[in-house]
Amino acid sequence: MSEKLSNEDNKYLISLIKEEKIVEAVKFVREKTDMSLLEAKKYVDLKRINENAEYSQSDNNISEDEKEYIVSLIQENKKLQAVAFLHKSKNMSLLEAKNYIDNLAPYIEKDMTKIDSNSNNISNYKAKEIPNKRGFIFDEKLNIFIPNLARQRKFNKVILYILLLLILISLIQLPFLDRTSYNQMLFFLFSSVSLLPLLVIWTGVALNIYFTEKTLKELEEVELTNEFEIKSLKENFTSFFFIFIFIFLFSVIYLHIDKLLKWFSYKELFPFILIIAVTIYNLYIFFKKLKNSKYSLNINGKNISILYKNNEIDLIKIDNIDCVEFYAKRLRNRKKDIKPTIQIFNKEHKSLVEMTVSIKDYYLLKKYFEKYNVEVEDDFLIF
């Protein structure tokens, strides 16, 4: 058998076994270890034997390795060999050995039927959950879609060759250019003007490749440790943007008040009320963002401390979390989001904290919550 589960994972596994969720138990073992389907099935069967009081009296002198061997024989439909093994090595009578195997076999055979019928679902678990996404490839290590950089490099190389060709054509034309010839001037202008959009495209793609590679490198360096800290992302640009908006809105309000005091009319009153409503809404958003920027998280194992202005205001355990949501506002029709925001909900689905984080911290938090099987609703797109 390959690597074992931790004590916490074993407790969760036992709870699945007690609820007779054997397929889920096998899937859980495979996700937490590097075991094959058969190894995971054996591991679950051994746990069932240990937890089942029906076998407790007979199991006292049977080691874990021996139990594993017995399970493997039953799975291979070699019950007689299993009975013979117990009879010879454990000094059981043939009747005792046969009763032991007969009691154990139905559990294993029933579960093997379930596993066999679901083996394709388990072995193709990732493939079913991963849809195709045009222009992207799935990175199994990071468990996310990433842009197809190889295709982008090829595209940019073609643009570069066209760009160099047009530059060469323009330079060759210069010594022989007849400015009185309409056709020559038209061709020269066309080749020259085409340089600018191609240069913009080439530069844009090159920058996109550079920043994508930089982000991927940062994500690959992320290591999930037992203890780490998450701080809210400081959005200075957003703050300056809101200040600019407020200066503009308050200026408009002042002018409207002055106008209404001099020439009151219901026609001017409606836009004034609308501007007031827009100002109040933006003030609410601004102060909400300002408040959320002062939150931070201290994570130690299954304990999460929520801090506000570096003072602990709440301590929650991972088992008390109902779900976690990641989302971000989008700029018009852009497919790519701006910055991720996390919301953590308790079992009553009450929001415990809401904060904007960096992409690196988003990826770290997602790995953390997935490790402890917390439901994650992820509407954020890195790329």
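The values are calculated or read from the model by the stated rules, or taken from the named source; none is laboratory data. Predicted, not measured: the structure shown is a model, and the values here were computed from it. As a convention, Cβ positions derive from the backbone with ideal geometry for all residues, glycine included, and neighbour counts pool all protein chains shown.
Pick out, from the range 125-205, the helices (runs of 4 or more DSSP H) lying fully within it that include 2 or more residues that are over 30 Å from Tyr368 (Cα atoms) and at pLDDT 85 or above.
In the range 125-205, the matching helices (runs of 4 or more DSSP H) lie at 149-176.
Of all residues being in contact (Cβ under 8 Å) with a residue 12 or more places away in the chain and exposed (fewer than 12 other Cβ atoms within 10 Å of the Cβ) in the range 221-233, which is nearest to Leu290 (Cα to Cα)? Just the residue, please. Among those that are in contact (Cβ under 8 Å) with a residue 12 or more places away in the chain and exposed (fewer than 12 other Cβ atoms within 10 Å of the Cβ), it is Glu227. Within the range 25-47, being farther than 18 Å from Ile74 by Cα and surrounded by 13 or more Cβ atoms within 10 Å (Cβ to Cβ) holds for Ala25, Lys27, Phe28, Val29, Arg30, Glu31, Lys32, Thr33, Met35. Within the set Leu307, Leu283, the sole residue that is farther than 30 Å from Ala150 by Cα and surrounded by 15 or more Cβ atoms within 10 Å (Cβ to Cβ) turns out to be Leu307. Which number in (1) over 30 Å from Ile344 (Cβ atoms); (2) in contact (Cβ under 8 Å) with a residue 60 or more places away in the chain marks the one condition that Thr212 misses? Here Thr212 clears every test but (1).
Of the candidates Glu268, Glu218, Glu213, the single residue that is at pLDDT below 85, acidic (Asp, Glu) and assigned to a helix (DSSP H, G or I) is Glu268.
Considering only the range 358-383, state which residues are among the polar types (S, T, N, Q) and over 19 Å from Ser296 (Cα atoms).
Asn373
When the criteria are applied in full, Phe248 fails the requirement of being assigned to a helix (DSSP H, G or I), surrounded by 14 or more Cβ atoms within 10 Å (Cβ to Cβ) and not assigned by TED's automatic domain parsing to the domain that holds Val158. Selection over the range 295-320 of residues that are under 30 Å from Asn373 (Cβ atoms) and not in a strand (DSSP E or B) gives a count of 5.
Going by the structure shown, is Ile280 hydrophobic (A, V, I, L, M, F, W, C), more than 16 Å from Ser232 (Cα to Cα) and either in a strand (DSSP E or B) or within 30 Å of the chain's Cα centre (by Cα) (or both)?
On the way: hydrophobic (A, V, I, L, M, F, W, C): yes; more than 16 Å from Ser232 (Cα to Cα): yes; either in a strand (DSSP E or B) or within 30 Å of the chain's Cα centre (by Cα) (or both): no.
No: the conditions fail for Ile280.
In this structure, Ile273 does satisfy being exposed (fewer than 12 other Cβ atoms within 10 Å of the Cβ) and at pLDDT 85 or above.
Screening Lys367, Lys371 for residues that are under 19 Å from Asn226 (Cα atoms) and either modelled with pLDDT of 90 or more or touching a Leu at 6+ places or on another chain (Cβ under 6 Å) (or both) leaves exactly one candidate, Lys367.
For (1) at pLDDT below 75; (2) within 30 Å of Lys11 (Cβ to Cβ); (3) part of a loop (DSSP other than H, G, I, E, B), each residue gets a yes or a no:
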residue: Ser58; (1), (2), (3): yes, yes, yes
residue: Asn61; (1), (2), (3): yes, yes, yes
residue: Asp65; (1), (2), (3): yes, yes, no
residue: Ile74; (1), (2), (3): no, yes, no
residue: Leu80; (1), (2), (3): no, no, no
residue: Ala84; (1), (2), (3): no, no, no
residue: Lys88; (1), (2), (3): no, no, no
residue: Met92; (1), (2), (3): no, no, yes
residue: Glu96; (1), (2), (3): no, no, no
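When you check Leu331 against the structure, is it at pLDDT 90 or above and not in a strand (DSSP E or B), yes or no? Here the answer is no, as Leu331 does not meet what is asked.
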